[in-house]
1. Treat the count of other C-beta atoms within 10 Å as a stand-in for reagent exposure and order 275, 325 from fewest to most.
2. Counting helices only, and only those DSSP H runs with n ≥ 4, report the 222 nm mean residue ellipticity of the chain as the sum of -39,500 (n - 2.57) divided by its residues, in deg cm²/dmol to the nearest 500.
3. Please work out the Cα center distance from segment 305-322 to segment 76-111, rounded to the nearest Å.
4. Once the convex hull of the alpha carbons of segment 226-378 is built, what does its volume come to per residue, in cubic angstrom?
5. If neighbour count is taken as other Cβ atoms inside 10 Å, put 269, 125 in order from fewest to most.
6. With only alpha-carbon atoms in the gyration tensor, what are the semi-axes of the equivalent ellipsoid for segment 151-219, in Å, largest first?
7. Give the span of the chain's Cα atoms along each principal axis, as three whole-Å numbers ordered largest to smallest.
8. For a test of the definition: using alpha carbon positions, the gyration tensor, and the 1.5 limit on a/c, classify segment 277-335 as rounded, prolate or oblate.
Ligand SMILES: Nc1ncnc2c1ncn2[C@@H]1O[C@H](COP(=O)(O)OP(=O)(O)OP(=O)(O)O)[C@@H](O)[C@H]1O
Ligand SMILES: [Mg+2]
């Protein structure tokens, strides 16, 4: 930006112009004042002392240095000049008319500039006070938020642990009954017990996820890193997901080289990540679609991907899907089950491995979730 007085290029933190010495804050204040007084064309002004004090006439009147009639006469003369296209400052006009001497005019201008300076300093002080107050308010809000987050994490953790014990009893006794150890069971009852068992398993998985999530967000994750065979891990995931895929009419495929080297990762956690991605793939893919678990090796890195031919994700909502307890369809009539916890935990597990998730998706066509891990030979 250039100086409004001399046009010299200003450094961004300048308070005065290094070339002509004009006080930039004062020029800005006066330009604003002139603007508010109805002179939109007032800026940029020539920052001579007199021009800096646009209401010098009124000020001199207040100070008893001129009479109202003298001011009126000077303003008349100024106007007649202006009709002829000549610009005359009021102070200059008063001096030319002999109504004040140059010295009195300069003294009045100086006094007004000093008063303006004082007002500017006071405005700066008020502003600093307000900034300090707002900063303190924001700090208090942040502390409160951190406290609330802590309460939430504790609540999730406590409730989940408390749910675990009664669920263990339910599962234990249902198993005893189902096995016929508490008396014979009819075929109808066996069917009903099967439903109860599957529901209890689902509940157990959810509780485990909640505990894992609250522990990971509070303390971070501790990994048990070792050499992992991805094809073997993939087979276990497929076995676990087969039922769900069959019911949904979705085909599961594997697309990875047979001679893939071992990975360096936590096998339990990595298996869980792939399972979650496949679970989502199946859930968000219509009947007749496909979910592929694949891998590619590139030097010492292996890219693992899970690709589906499902409903896809709008590009502007990809960030959202990693938020805990968040589903893209959050409506009460939503079609897909789940708690919205899967991908947030996936993200935590990957970041503990030093990896990052990439998502490519096209609405109506499908999505690919991928991440890279080092081969065992290249482990840090
Ligand atoms: N493959 C996918 N295709 C389309 N949308 C997806 C896919 N994966 C995730 N999403 C969107 O991201 C949201 C969050 O996924 P996330 O796995 O975290 O939760 P969820 O599957 O709804 O529940 P949970 O995993 O806890 O059972 C999903 O509800 C869905 O809206
Ligand atoms: Mg999920």
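1. Starting with the residue having the fewest Cβ neighbours, the order is 325, 275.
2. -18500 deg cm²/dmol
3. 73 Å
4. 107 Å³
5. Lowest count first: 125, 269.
6. Semi-axis lengths for segment 151-219 are 32, 10, 7 Å.
7. 122, 49, 40
8. The shape class here is oblate.
Each value in this text was obtained by applying a stated rule to the coordinates, not by laboratory testing. Here the structure is a predicted model, which is why all the values come from computation and not from measurement. Using ideal geometry, Cβ is built from the backbone for each residue, glycine included, and neighbour counts are taken over all protein chains shown.
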